[in-house]
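One structure is given below, encoded as C-alpha cells.
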Amino acid sequence: MSVAPPPELPAVAARFWRYVQIDTEADRDSTTTPSTAKQKDLGRLLARELAELGVADAEMDAHGYVYGSLPAAPGAPRLALLAHVDTSPDAPGGPVVPQLHRAYDGSVIRLPGDPEVALDPAVSPELAAHVGHDLISSDGTTLLGSDDKAGVAVIMQTVADLVADPELPRPALAICFTVDEEIGRGVDKIDLERLGADVAYTIDGGAVGTFSFETFNAAEATIRVRGVGVHPGYAKGVMANAATILSGILAALPAAETPEATSGREGYFFPHEIGGNVTAATARVLLRDFAADGLERRKRLVEELARGAAGAHPRADVEVEITDSYRNMREYIERTDPRAIAFAFAAAESLGIELTAELVRGGTDGSRLSEMGLPTPNVFTGGHDFHSRFEWNTVQNLEASLAYVKALVGYWARHGGEPA
Ligand SMILES: [Zn+2]
C-alpha cells in the first residue's frame, strides 16, 4: 500500500516520494541480472512514464536497464544522464514508508517506525546546515533509498521539463537507468552503443554542490611465501617459517599508510586477507593512490620488501603477483573529453553556485564507464547518510540537484557543439 505524495511537494520531490516506495534492494548472492527481479518493478514504471512523456524509444531491456532518448538538431552534442534504480543490501530495503518533516528546526527527530532510529545532528552534522529545509526520511525501519532514487527522480523531471518547454536548448539526450550498482555490477550489462553518448554524468552524489571526477588508481598485490617445515625440535638452520616471513613483509609496510590512517588525497596499502602456516602463507594487499606514479611506487615497495625477505631467508620462496584493478577516472576523462569536467564547473557558475571537487576513495560505475571510453563524472543529489535507516534528503536539495542538472544539460546544448 503506497502513500501518496503530500500535495505541496514540487514535482521532483513527488516523483522521489513515489519511487522510494518501490523496493529495489540488490542481492550480492544472486547470479542473475538484475540480481533481484523487483528492480524491474521500478524499471517498468520508469519506461512507461518516459513513454507517457513522449520519449518514443523508451524501453526496459531483459537485464532491467531502462533506455530512452530525446532527439536534438543535427550536430548537437550527445549527452547521457545515468542513475541506478537498485538500493543497497546493507540496510533493510522495504517497504519504505517516506516521512516528510516540514521546516526542520535543528532538533533530534525520532522516526515513528523505530524509536531507536533518529535524525540527530550529533550523529549527522550535515543536518545543522539544513535548518528550514523540508526533510524526507524513511520511518526508521528501512533505508530511504535516496541513493539513488534521488538521481532517478531528478533525471525523470529533467526529461519532463524539457518535453514541456520545447524552447529550452537541449543536446541529444540519452537516459539510462541501471541496475545492481550497489553490488558493483552496475555497468556489467550496459549497452554503450545503444546509449550512443559522447559524455555522460551519473546523478548519484551526495551533498549539494559536490562533484566527483577523481577516483583512486587501484591494484592488488598477492604475496605468496613457501617455507620449509620441520619438527621445531630439529629446526635450527633448516626451518623457513612462511607465516613469520610473510608477517615480516606486512609489518614493514608504512604504518601511516593504511585505510584507517589516511583520508583525502592520501593513498594506502591495505592487507585485507592473510592466511597460512609454516610451509605456505599468502596475503592479499590492496594498493591505492590518486597519482599513477604513486601507485607504481607502492607496487615497487611491495616487490622490494618481498625481495628483501627472500634474500634474508634463502630457504624460502617469496613471490609477488600484482594485478591492476582500475585507474583514476580523471585520466580517462581528460584524455577523451575534458569538457566533461570544465562544463560542469561552468554550468555551476552560470547558476551562481560553486562546485566542490570530491575525491572518491573507491571505484564507481562512472570510473568504469570512463575507462570504457565514455567520460562520466558524478553529480550531487543532495542525499546524506546513504545505506542506513537514517538516510535523508530534502525537498530543497532535490530541487537544487534538478536545477543544476538542467543547467548542465543547457550548457552542453549551447557550448557542446563546438570542437573539443
Ligand atoms: Zn548510488
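What follows draws every value from the coordinates through simple rules; no lab data is involved. This is a predicted model, so every value here is computed, not measured. As a convention, Cβ positions derive from the backbone with ideal geometry for all residues, glycine included, and neighbour counts pool all protein chains shown.
Structural remarks
- Peptides 363-375, 340-352 ordered by average Cβ neighbours within 10 Å, highest first: 363-375, 340-352
- Within the chain, helices built from complete DSSP H runs that reach 24 Å or longer along their own axis (Cα positions) and carry a mean Kyte-Doolittle hydropathy of 0.5 or higher are 146-164.
- P(r) of segment 217-326 over all Cα-Cα pairs, binned every 5 Å from zero, in whole percent: 2, 13, 23, 22, 16, 11, 7, 4, 2, 1, 0
- Phi angles of segment 127-133 translate, via the Karplus equation with coefficients 6.51, -1.76, 1.60 and θ = phi - 60°, into HN-Hα couplings of 4, 4, 7, 10, 4, x, 6 Hz per residue; Gly and Pro are given as x.
- In order through segment 167-183: 3J(HN,Hα) via Karplus (6.51 cos²θ - 1.76 cosθ + 1.60), integer Hz, x for Gly, Pro: 6, 5, x, 8, x, 5, 10, 10, 10, 9, 9, 9, 10, 6, 5, 5, 10
- Residues whose placed amide H lies under 5 Å from that of THR87, excluding near-sequence neighbours: THR24, GLU25, ALA26
- Theoretical gain in end-to-end length, VAL238 to THR258 [0.36 nm per residue, Cα-Cα removed]: 3.7 nm
- In order through segment 59-69: 3J(HN,Hα) via Karplus (6.51 cos²θ - 1.76 cosθ + 1.60), integer Hz, x for Gly, Pro: 6, 9, 8, 4, 8, x, 6, 9, 10, x, 8
- Per-q log10 I(q)/I(0), the chain, q = 0.11, 0.12, 0.13, 0.14 Å⁻¹ (Debye; single scatterer per alpha-carbon; no solvent): -0.86, -0.98, -1.10, -1.21
- Rounded to 5, the percent of DSSP beta bridges in the chain classed as antiparallel: 70 percent
- Neighbour-count ranking [beta-carbon atoms within 10 angstrom, fewest first] of TRP412, TRP17: TRP17, TRP412
- When both segment 71-86 and segment 198-250 are represented by their alpha-carbon centers, they are found 39 Å apart.
- Taking amide H atoms as placed 1.01 Å from N in the peptide plane, the amide H of THR210 lies under 5 Å from those of THR356, PHE380, each 5 or more residues away in sequence or on another chain.
- Between segment 1-52 and segment 341-420, the alpha-carbon center distance in angstrom: 21 Å
- Straight-line cross-link partners of LYS406 among the lysines, defined as a Cα under 21 Å from its Cα and at least 8 positions apart when in the same chain: LYS149.
- Ascending count of other beta-carbon atoms within 10 Å, so fewest first, for TYR268, TYR404: TYR268, TYR404
- Exposure proxy shown here: for HIS84, HIS272, HIS130, the number of other Cβ atoms within 10 Å sets the order, fewest to most, as HIS272, HIS130, HIS84.
- On the beta carbon distance between ALA292 and ALA4, with R0 = 56 Å, the FRET formula returns roughly 0.60.
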